[in-house]
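Have a look at the structure below, then the notes.
Here, each number is a calculation from the coordinates, and none is a lab measurement. The model shown is predicted, which means the values in this text are computed figures rather than measured ones. Because the Cβ atoms are built from the backbone with ideal geometry, glycine has one as well, and the counts that use them run over all protein chains shown.
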Amino acid sequence: MRFFIKKYAYITDETIDLSFMPALSRRKLSLLDKMALCALNTCFENPDVKIVFSSQYGEIERLDKIITQYKTENEVSPAAFSGSVHNSVPGAFSLLKKITESYNAISAEDSSFSAGFLEAVITISDTDVLFCFADVKGTACALACLISKTRNADTDIQCEIEIHKQPVSLSYTESEVERFLDFLSGKTFEFSADNGLFTLRAER
C-alpha cells in the first residue's frame, strides 16, 4: 500500500504555539492538549480531513485529580471529566476547525504510537487523515502528520507500508517517536514498529 506524508510536526512543552486559538479557549488546556492541538494545527490544511489520535496514557494527570476528588468529595467536576476522556483532543480540534469528518482515539499500551499510525493509514480514502500521537509521561511530546493518497508537492514523502502476518517484537534503543522522526527527516529510509506489526519504507 502506497501513500504520501504531506506535512509533519514535532512539538514539545518548549515549542508550543497556541496563537491560532482564542485566549479564552486556552485557559483550561492541559499540557497534552496544548502539544497535541499545536501539532495538529501545524499539519492542518482544510476541514475535509479525518483525525486519528493516539496516546498511551492520555489525560492521566486529569484522571488522577478526578479520582482524588471522588475519594475526598464523593463527586466529580463535569468540566474535569469532559476534558479527561481519550477523544477530547480530536473532538476539541474538530470543533475549532469545523471538521465534520469522523475521528478516532486509540490507546494500545506500549504499541499506542504504531497502532495509531496503522489505524490512520488504513483509514485513508479520498479524504486525507491527520494522525497525532501525544503523551506526557516519559518525554512529553506530540507528533502529527498529514497523510494522503495523492501527491501534491515534491516535498511529500512517498511511503510504502508492509503489514506483517506474523509480527515479531523488536528491540530498539530509541523510542518509536524518535525513530519515526528520523524516518520523516530522511535520516533513515525505513521504520519498523516495535511490535513488528508493520514496516514503512520511503521512496525518495
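Brief remarks follow.
- Most fluctuating residue given options PHE189, PHE117, PHE180, as computed from a GNM of the chain linking Cα atoms under 10 Å: PHE189
- Cα-based reach from LYS165 at 18 Å (exclusive), listing aspartates and glutamates while leaving out same-chain residues under 8 positions away: GLU119, ASP194
- Net charge in the neighbourhood of ASN195 (other residues with Cβ under 12 Å of its Cβ; Lys, Arg +1, Asp, Glu -1) is -4.
- Contact order relative to length of segment 2-152, as percent, for alpha carbon pairs under 8 angstrom and 6 or more apart: 40 percent
- Spatially proximal lysines relative to LYS71 (Cα-Cα < 27 Å; intrachain offsets below 8 disregarded): LYS28, LYS137
- Projected label distance in nm at SER102 and ASN87, using a 7 Å step from Cα toward the beta-carbon: 1.0 nm
- Theoretical FRET efficiency, 1/(1+(r/R0)^6), r = Cβ-Cβ of GLU73 and THR127, R0 41 Å, to 0.05: 0.40
- Each peptide in 190-203, 138-151 gets a packing score, the mean of other Cβ atoms within 10 Å over its residues, and the list from highest to lowest is 138-151, 190-203.
- Value at 222 nm in deg cm²/dmol, rounded to 500, when DSSP H runs of n ≥ 4 in the chain each add -39,500 (n - 2.57): -9500 deg cm²/dmol
- Identified option (computed Rg/Rh (Cα atoms, Kirkwood Rh); candidates [x] 0.93; [y] 1.07; [z] 0.98): [z]
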